[in-house]
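These notes are about the structure you will find just below.
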Amino acid sequence: MSFDIGSAAASTSSGPIYSAPGTVGGSANFDDEEPLLEELGIHPEQIWSKIRSVLNPFRVNHTIHKDSDLSGPILLYMSFCLFQLLAGKIQFGVILGWIVVSSIFLYVVFNMLAGRAGNLDLHTCTSVVGYCMLPVVIYSAMSLFLPQGGIVAIVVASVFVLWATRASTGLIVLLADGGDEHRGLIAYACFLIYTLFSLLVVF
């Protein structure tokens, strides 16, 4: 039995042994692949629509908030941390801790008030609290150009806290069952949450 090494090497190098499906000339075809953000569950258009809905606290579109997500809230939280960092305040851990505690607090308060009729889940609650942080983030950016402390800072902070409270209360009442009867108590809980975040900016 004879074996020609030269002919075997020539036949091996003449072309690839295996060609994956969908490849042409050894290069993969990525035309049919989904965008990376969609594979990660991040939809920029949806995030922008939810952010715009919070800009008007008197006419919040709750239908687009039914599909809750955490991408937008994380973006707003990071923006808040960035503006605080520009103000010389390193509060990443504090802000993250208050975010978790405030979401759980509002979730527990609402479901205790609504009883068995309450259907607000923690994911939706975290999404609402996060998107309604937009007024506080805007105030944090404005505070870089305003004097720290004093009556002016407190009055401006109160306006943005009321804005965030109005938007979050309206969303929670419209998204969950049984919330309209306890609108006042829900608004009080939201007011406490956004007051805490505004105090980080004022002081």
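With a 1.4 Å probe and every protein chain left in place, tell me how much accessible area R183 has, in Å² to the nearest 10.
For R183, the solvent-accessible surface is approximately 110 Å².
What ranking of L96, L106 comes out by heavy-atom accessible area, probe 1.4 Å, highest first?
Most to least solvent-accessible, the answer reads L96, L106.
Hey, if you drop one equal point scatterer on each alpha-carbon of the stretch 68-202 and run the Debye formula without solvent, what base-10 log of I(q)/I(0) do you get at q = 0.15, 0.22 Å⁻¹?
-0.67, -1.28
On full extension of the chain, what length is gained from E45 through Q148, given 0.36 nm per residue of separation minus the C-alpha to C-alpha distance?
Here the answer is 33.5 nm.
Just subtract the alpha-carbon distance of N56 and V159 from 0.36 nm times their residue separation and send over the number in nm, one decimal.
35.7 nm
How would K89, K66, K50 rank on accessible area, largest to smallest, probe 1.4 Å?
Of K89, K66, K50, the descending order of accessible area is K66, K89, K50.
When the solvent-accessible surface of protein heavy atoms is calculated with a 1.4 angstrom probe, in what order do W98, W48, W163 fall, highest first?
These residues rank, largest area first, as W48, W98, W163.
Using a probe of 1.4 angstrom, how much of the accessible area of the stretch 68-202 is carbon and sulfur, in percent?
The C+S portion of the solvent-accessible surface of the stretch 68-202 is 74 percent.
Can you work out ³J(HN,Hα) from phi for every residue in the stretch 184-191, in order, using Karplus 6.51 cos²θ - 1.76 cosθ + 1.60 and θ = phi - 60°, giving whole Hz and x for Gly and Pro?
x, 5, 5, 5, 5, 5, 5, 4
State in Å² the accessible area per residue of the stretch 123-183; use a 1.4 Å probe, count heavy atoms of protein chains only, and round to the nearest integer.
In whole numbers, the stretch 123-183 has 42 Å² accessible per residue.
The values are calculated or read from the model by the stated rules, or taken from the named source; none is laboratory data. A quick note: this is a predicted structure, and the numbers were derived from the prediction, not measured. Side chains included, ligands, DNA and RNA excluded: accessible areas come from the protein's heavy atoms. Shrake-Rupley method; radii C 1.70, N 1.55, O 1.52, S 1.80 Å.
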